[in-house]
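Here's the structure, in structure tokens; my notes come after.
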Amino acid sequence: MTIRADNIRYSAPVLEKARNLLVAQLIEPDGTYPDIWWTWGSNPDRPYRIQYMRNENPELEFITCTCPYGLFAGAGDTRCYHSAAVLMLLEAEESVKRQKLSEVPQVKRTRKPRGAATS
Ligand SMILES: [Zn+2]
């Protein structure tokens, strides 16, 4: 993931609102799709969908949100606080993963991987 919530894309007040949203736990992961989250605006019957668009090329990844502020932004231009909150979540998950990986003892590879040239 290359998009970072704390970089220039989001202003400080937007990041603050995003943090409040996370603290209030008003963002829910979708039960089926791992890259989709839901949050609510003024109408409880019409939640907003936030989706992280992954790509083989991380440079081309972006995030979308169906709130009025995010809806008409072009791909990669969504800057609403819902999308900022999801990026914060993703970053937190990634740093936890990295931490866990660093706790795993490194195993020395002694055998050649299958299919490797033997000459
Ligand atoms: Zn939004």
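Values in this text are rule-based calculations from the coordinates and carry no lab data. None of these values were measured; they are calculated from a predicted model. Cβ: placed from backbone, ideal geometry, glycine included. Neighbour counts: every protein chain shown.
Radius of gyration over Kirkwood radius for the stretch 12-97, both on Cα atoms: the Rg/Rh ratio is 0.94.
The stretch between E28 and N43, if pulled fully straight at 0.36 nm per residue, gains 3.8 nm over its current Cα-Cα span. Using a simple spin-label model with pseudo-atoms 7 Å out from Cα toward Cβ, L60 and V96 lie 3.0 nm apart. Dipole size of the stretch 12-97 about its Cα centre, with +1 on Lys/Arg Cβ and -1 on Asp/Glu Cβ: approximately 300 debye, rounded to the nearest 20.
Per-residue packing, averaged as other Cβ atoms within 10 Å, sorts the ranges 90-96, 63-69, 73-79 into the order 63-69, 73-79, 90-96, beginning with the highest. Ordering of 24-33, 80-89 by packing is 80-89, 24-33, highest average first (other Cβ atoms within 10 Å, averaged per residue).
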